[in-house]
Amino acid sequence: MNVCYKHIIRVLLPCILPMFAVILASCSEDVIDDDRNGSSTTLQMKVGTRADGDVAGDAGEPNENIHSICVLLVNSSGNVAWKYIDDDFSADASATEYLSEPITDLPFGVYDVYAFANFDYYTADGELWNILTGIQEGASFDNTILSFVIDDPASMIDFDEGRFIPMSGKNENFNVTSATRIIPVTLDRLVSKVLISVGGSSAASVTQLVFGGWADKVTLFGDGALSGEAYNESKTFSASNLSGDGTTVTVEPFYVNETSDGHAFNVSLTTLETTAGKPETVYKATTSRDELPRNNIYPLNITINDWKLNITAQCWVSPIGHYPVPVKADFEENTYNIEIPEGAQFEFALDGLDGVTGSTATWNIDPLTTAGIAFENGYTNGETVKGHVTAAAGNSYTLGVAAEWTETNSYRREYTVTVTTTDLADAELMLQSPLPPLTRAVEWGEVRNVLPEVLDVHVER
């Protein structure tokens, strides 16, 4: 061998041999990891609330996240390898994540992780938090917990009393190796949040809203089997729970239990509108959505569709020695009020409901509310009324109207039209000929369909 090469090998050999030793050691460690032969690691548990499609809308909204928490790590032998529990992790349930201290010397293997949040008020014998509190590390895990059914959790939620939204999550068959640093678990709320708004010309007169039809119990985990449940839970909101801007009314957000496929929700609205002699009108409808998975937001926009009662009004004043002169009859916006000059002659004609084929509308005059109006004989009922008002400004008279129509169901509604007299000096003459009647569609409302408009409702799996 060339003397030069021998010299090079002699110099490099001490450096090369340690490198081979490191490579062999690395290969040996890989074999141990794959075999999981009694090896262990250090890792952390990470438990968080869902941020996508959940009731919080975004992670971090107060009151809808973690207040109390319990996490169980169960090994393949069915024993509790590690446990963490805290009944006051976040006083106001604003915490969106729990990250454990390092768990050391955890053997490699397959584990199941179960996490529970905000069950700290389920403390009676046999209830979940009572059982979780009693579980010890190293003990056998009682998997009957996994099939627990929780009775009406939505009704138990009361932030002011410290009863926050119950949540659960699991991560089963998780393989722990030397590369594992975090075991993640995501919590699902057992309920969903409903956001209701009511629009339409009659929205401002809503005095009560009832939403119902959700389940009275839920399974602890979303993939559990539920039996014996009833879909009769409901919530009633009075005027004090409603707020609005005059055209839209909103309901305070509320929570309902997860509800399985095939069970639509019922909506009932009460408004201050006269119906068939009654001072209130009740509207009822059923949503097209017939399920509501846990941990979601359900925006429900209810529209009270506008009906239009067609009224044509004409009126005239008669200066001494002259034929009657047409003047303008004013409609007040979004009311049933008609203003005409004092002493004027009038003719009010009804033409059913705008756009509703076959609808009819007739006057229903009460002498007690029309003293001061002289009606022409034969015109106190029917579709047209004629007469004249007394020569005094500032008087108000109420005229009844009854409308009937059929659209799937038959409807009869009663309206009140107010006629107010104004100063003759303020009358606006209408000198054009021939005389065009002043026509305005007076608005009224009726619910035909309550259609849910839902943000992407889904549960991450």
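Sorting Glu233, Glu172 by solvent-accessible area of protein heavy atoms yields Glu172, Glu233, largest first, with a 1.4 Å probe.
For region 78-148, GluC sites (Glu not before Pro) are listed when DSSP marks them as loop and at most 13 other Cβ atoms sit within 10 Å of their Cβ; the list is Glu137. Take every pair of alpha-carbon atoms less than 8 Å apart whose residues are at least six positions apart; their mean separation over the length of region 45-158 yields a relative contact order of 28 percent. Specify whether the C-alpha gyration tensor of region 83-221 places it in the rounded, prolate or oblate class, a ≥ b ≥ c being the square roots of the eigenvalues: rounded for a/c under 1.5, otherwise prolate if a/b is larger than b/c and oblate if not. It is prolate, given that a/c is not under 1.5 and a/b is the larger ratio.
The residues Ile69, Ile135, sorted by heavy-atom accessible surface at 1.4 Å with ligands and nucleic acids left out, run Ile135, Ile69 from largest to smallest. Ranking Tyr84, Tyr122, Tyr411 from most to least accessible surface, computed with a 1.4 Å probe over the protein chains only, gives Tyr84, Tyr411, Tyr122. Decide, for region 219-291, between rounded, prolate and oblate: order the square roots of the alpha carbon gyration tensor eigenvalues as a ≥ b ≥ c, take rounded if a/c falls under 1.5, and otherwise choose prolate if a/b is larger than b/c, else oblate. Prolate is the answer for region 219-291, as a/c is 1.5 or above and a/b outweighs b/c. Ordering Val191, Leu99, Ala117 by the projection of their Cα atoms onto the charge dipole of region 70-221, which places +1 on the Cβ of Lys and Arg and -1 on the Cβ of Asp and Glu, puts Val191 at the extreme positive end.
Which of the residue pairs Lys83/Lys170; Lys193/Lys284; Lys83/Lys217; Lys217/Lys284 have a Cα-Cα distance greater than 18 Å in the structure shown? Mind dumping the intermediate values first?
Values: Lys83/Lys170 14 Å; Lys193/Lys284 21 Å; Lys83/Lys217 28 Å; Lys217/Lys284 25 Å.
Correct reply: Lys193/Lys284; Lys83/Lys217; Lys217/Lys284.
The heavy atoms of Thr41 offer some 10 square angstrom of accessible surface to a 1.4 angstrom probe.
Taking the Cα centre of region 162-246 as origin, work out the dipole magnitude from +1 charges on Lys and Arg Cβ and -1 charges on Asp and Glu Cβ, in debye rounded to 20. Working shown, then result.
Numbers: 7 positive and 7 negative charges, 54 e Å.
Once rounded to the nearest 20, the dipole reads 260 debye.
With each label modelled as a point 7 angstrom along the Cα→C-beta vector, the Thr362-Asn301 pair spans 4.0 nm.
The values are calculated or read from the model by the stated rules, or taken from the named source; none is laboratory data. Every value quoted in this text rests on a predicted model; they were computed, and no experiment measured them. Note: ideal-geometry Cβ built from the backbone for every residue, glycine included; neighbour counts use all protein chains shown. Quick note on the areas: whole protein, heavy atoms, side chains included, nothing else; ligands and nucleic acids left out. Shrake-Rupley method; radii C 1.70, N 1.55, O 1.52, S 1.80 Å.
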